[in-house]
Amino acid sequence: MLRIALCDDQPEELAILNTYLSEYLRQHSLEAELRQFQHPDELLRALKSENFHIYILDIVMPMISGLEL
């Protein structure tokens, strides 16, 4: 099963990403676990004990950019 991390500091954008991705996975009969993170630090903490196959990151965040993350 795919494990996908979504990180965006704007809750509305994060919800939209989650909705679109969930719909895509459903339409293509793909199984995946989606994890949402509203702050890059949350994702960094999760990475200490978890791994993800795909990362969908907001590029412009006030704390750290998605590229730096």
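Here, each number is a calculation from the coordinates, and none is a lab measurement. Fair warning: this is a prediction, and the values are worked out from it, not measured in the lab. Note that we place each Cβ from the backbone using ideal geometry, even for glycine, and neighbour counts take in every protein chain shown.
In table form, for the structure just shown:
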{"quantity": "Dipole magnitude of the chain, debye to nearest 20 (Cβ charges: Lys/Arg +1, Asp/Glu -1, about Cα centre)", "calculated": "280 debye"}
{"quantity": "Per DSSP, loop GluC sites (Glu not before Pro) in region 1-38 with at most 11 further Cβ within 10 Å", "calculated": "E31"}
{"quantity": "Among N51, M61, Q10 the positive-end extreme of the charge dipole of the chain (Cβ point charges)", "calculated": "N51"}
{"quantity": "The chain: trypsin sites (Lys or Arg not before Pro) in DSSP loop, at most 15 other beta carbons within 10 Å", "calculated": "K48"}
{"quantity": "Correct option for Cα extents along the principal axes in Å [calculated from the coordinates] among (i) 35, 27, 16; (ii) 67, 18, 14; (iii) 31, 26, 19", "calculated": "(i)"}
